[in-house]
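Accompanying notes for the structure given below.
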Amino acid sequence: MRRKHEVIVHLGMTMPVNPEIAYLLGFLAGRLERVHFVESLEGAPVAVRFAAGRRRIWPGVPFQAVIHDVPVPSPAMLVSALLESAEDICVRIDSDAVTASDAFAEVVEPMYEGAAPARETATERAARLRARIDETLDVYRACREALEAGEPEREAEVRFFLAMAEREIQALSRQMAGG
């Protein structure tokens, strides 16, 4: 865990000064057991990419994130979406200063499959997908209730999470159907 922490600290020192990125890095530092540094984000349930230094060529962005194939536009929204999640978070770092470090070399995996636990059985997968659909439906219901309550200052955020829940339910349903 100490080496993962060193990587996050080093990343924080190389990233552009941005309070939302600092907030996300602090969030990741508090969940080191779930953070996996990877070379490829393929197959990652939660994929986060940081770019800094000469690896961030204009108009490249310093931060990108996707949760179950749904893009998340800002670091703060990513933290908000993951607050009560127990999913693994895969992080790809495009920064020569960070990736050249000994700490990074010790913790990086080629891809999520290399960092993930052993393959689950079909029954375990179906149960996990059903549980995830139930959780997402709870989020969907809560968002609908919040919209009906009519809090104008939170409407944009609630609509974002409502759309995310809808897309996730569709994706999970496809996975359950085997596609």
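The values are calculated or read from the model by the stated rules, or taken from the named source; none is laboratory data. Note that this is a predicted model, so its numbers are computed, not measured. Glycine gets a Cβ as well: all are built from the backbone with ideal geometry, and neighbour counts include every protein chain shown. Quick note on the areas: whole protein, heavy atoms, side chains included, nothing else; ligands and nucleic acids left out. Shrake-Rupley method; radii C 1.70, N 1.55, O 1.52, S 1.80 Å.
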Can you tell me which of (1) assigned to a helix (DSSP H, G or I); (2) modelled with pLDDT under 90; (3) among the aliphatic types (A, V, I, L, M); (4) surrounded by fewer than 13 Cβ atoms within 10 Å (Cβ to Cβ) is the one ALA118 doesn't meet? (1)
Could you say whether any residue in segment 38-48 is of a type outside the set (Ser, Thr, Tyr), closer than 17 Å to ALA105 by Cβ and open to solvent by 70 Å² or more (accessible area, probe 1.4 Å)? yes
Selection within segment 124-179 - of a type in the set (Val, Ile, Thr) and under 18 Å from LEU83 (Cβ atoms): THR136, VAL139, VAL158
Of the numbered conditions (1) modelled with pLDDT of 90 or more; (2) surrounded by 15 or more Cβ atoms within 10 Å (Cβ to Cβ), ALA100 fails exactly one; give the number of that condition. (2)
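Say we look at segment 1-34 and pick out the residues that are in contact with an Asp or Glu (Cβ under 8 Å, 6 or more places away or on another chain) and within 14 Å of ALA103 (Cα to Cα); which of these is surrounded by the fewest Cβ atoms within 10 Å (Cβ to Cβ)?
So the residue we want is MET1.
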Which numbered condition ARG132 fails, given (1) open to solvent by 60 Å² or more (accessible area, probe 1.4 Å); (2) of a type in the set (Lys, Arg); (3) more than 19 Å from MET77 (Cα to Cα): (1)
Among the residues listed as GLU124, GLU145, GLU84, GLU153, the single one being loosely packed, with under 12 Cβ neighbours inside 10 Å, in a loop (DSSP other than H, G, I, E, B) and among the acidic types (Asp, Glu): GLU84
Only unsatisfied item for VAL38, checking (1) within 17 Å of PHE161 (Cα to Cα); (2) assigned to a strand (DSSP E or B), is (1)
Take ILE133 and decide whether it is touching a His at 6+ places or on another chain (Cβ under 9 Å) and at pLDDT 85 or above. no
Restricting the first residue to segment 60-77 and requiring it to be without any contact (Cβ under 8 Å) to a residue 40 or more places away in the chain, which pairs with a second residue that is open to solvent by 20 Å² or more (accessible area, probe 1.4 Å) meet a Cβ separation below 6 Å and a spacing of at least six or different chains? GLN64/ARG49
From the set of residues in segment 156-179 that are open to solvent by 80 Å² or more (accessible area, probe 1.4 Å) and in a loop (DSSP other than H, G, I, E, B), which is modelled with the lowest pLDDT? GLY179
